[in-house]
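J.: Below you will find the structure I want to go over with you.
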Amino acid sequence: YQGRHYSIDATERGELVDVARPVQETVPIWVVGRWPREKSMRRAARCDGVIPEFGADPFATPTLQDRAELRAWLAENGARPDIDVIAEGRTHADEPSDRELVARHAEAGCTWWLEVRWEQTGEVSPVEEMRARIAAGPPR
């Protein structure tokens, strides 16, 4: 393998040749799609995943019905059966209602939950807050 900043001859390291295999064929491409704008959604349907924006307000909270309709539209309009549909929001590790929220999104066809911190609380830096949230693990 050769690149601009490296060169390696893996044949000298036979034990690496069998181990150094890609886990997946390509890097997944997720794009933003504006629901229900058909042109935007047709573009998104050609990719590996869609981060949907609903309506005119990018910060509007979509309903689970909105998400289910989007998933159905993708299935009916040529998207891959395994296309990722991303939901985003803010959860807490110790809130049972948050666990239920994520589960309801999965039932509506979402395949990923993107934990976001769009607003800053001011009490703690956003980086520290996100690190703490990651360390706490998924809602339980």
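The values are calculated or read from the model by the stated rules, or taken from the named source; none is laboratory data. Just so you know, these numbers come straight off a predicted model, no measurement behind them. Glycine also receives a Cβ, built like all others from the backbone with ideal geometry; neighbour counts cover every protein chain displayed.
J.: For the range 109-140, which residues satisfy the criterion of being touching a strand residue (DSSP E or B) at 6+ places or on another chain (Cβ under 8 Å), surrounded by 14 or more Cβ atoms within 10 Å (Cβ to Cβ) and not charged (D, E, K, R)?
T.: Passing the criteria: 109, 110, 111, 112, 113, 130.
J.: List the number of the failed condition for residue 52; all other conditions in (1) in a helix (DSSP H, G or I); (2) closer than 23 Å to residue 139 by Cα; (3) in contact with a helix residue (DSSP H, G or I) (Cβ under 7 Å, 6 or more places away or on another chain) hold.
T.: All conditions are met except number (1).
J.: Residue by residue through the range 110-140, note down the ones that are of a type outside the set (Lys, Arg) and closer than 17 Å to residue 61 by Cβ. Reasoning before the result, please.
T.: Step one: filter the range 110-140 for residues of a type outside the set (Lys, Arg), giving 110-116, 118-130, 132, 134-139.
Answer for the range 110-140, where residues must be of a type outside the set (Lys, Arg) and closer than 17 Å to residue 61 by Cβ: 110, 113, 114, 115, 116, 118, 119.
J.: Just to check your reading of the model, which residue among 137, 109 is of a type outside the set (Lys, Arg) and either under 19 Å from residue 30 (Cβ atoms) or touching a residue at least 60 places away in the same chain (Cβ under 8 Å) (or both)? Can you show your working first?
T.: Details: 137 fails: either under 19 Å from residue 30 (Cβ atoms) or touching a residue at least 60 places away in the same chain (Cβ under 8 Å) (or both).
Being of a type outside the set (Lys, Arg) and either under 19 Å from residue 30 (Cβ atoms) or touching a residue at least 60 places away in the same chain (Cβ under 8 Å) (or both) holds for just one of 137, 109, which is 109.
J.: Which residues, counting only those in the range 29-46, are buried (at least 16 other Cβ atoms within 10 Å of the Cβ) and either more than 17 Å from the chain's Cα centre (by Cα) or modelled with pLDDT under 90 (or both)?
T.: Across the range 29-46, the qualifying residue is only 40.
J.: Exactly one condition in (1) modelled with pLDDT of 95 or more; (2) crowded, with 16+ Cβ neighbours inside 10 Å; (3) assigned to a helix (DSSP H, G or I) is false for residue 67; which is it?
T.: (1)
J.: Among all residue pairs at least 6 apart or on different chains, which show Cβ distances below 7 Å where the first residue, located in the range 7-28, is modelled with pLDDT of 70 or more and the second is part of a loop (DSSP other than H, G, I, E, B)?
T.: 8/1; 28/48
J.: Sort out which residues of the range 84-108 are touching a helix residue (DSSP H, G or I) at 6+ places or on another chain (Cβ under 9 Å), surrounded by fewer than 14 Cβ atoms within 10 Å (Cβ to Cβ) and farther than 19 Å from residue 118 by Cβ, and write them in order of number.
T.: Step one: list which residues in the range 84-108 are touching a helix residue (DSSP H, G or I) at 6+ places or on another chain (Cβ under 9 Å), which gives 85, 87, 89-95, 104-105, 107-108.
Adding the requirement that they be surrounded by fewer than 14 Cβ atoms within 10 Å (Cβ to Cβ) leaves 90, 92, 94-95, 104, 107.
Hits for the range 84-108 are 94, 104, 107.
J.: Checking the conditions here, which among 89, 49 is under 29 Å from residue 134 (Cβ atoms), within 13 Å of the chain's Cα centre (by Cα) and in contact (Cβ under 8 Å) with a residue 60 or more places away in the chain?
T.: Values: 89 fails: in contact (Cβ under 8 Å) with a residue 60 or more places away in the chain.
Only one candidate qualifies: 49.
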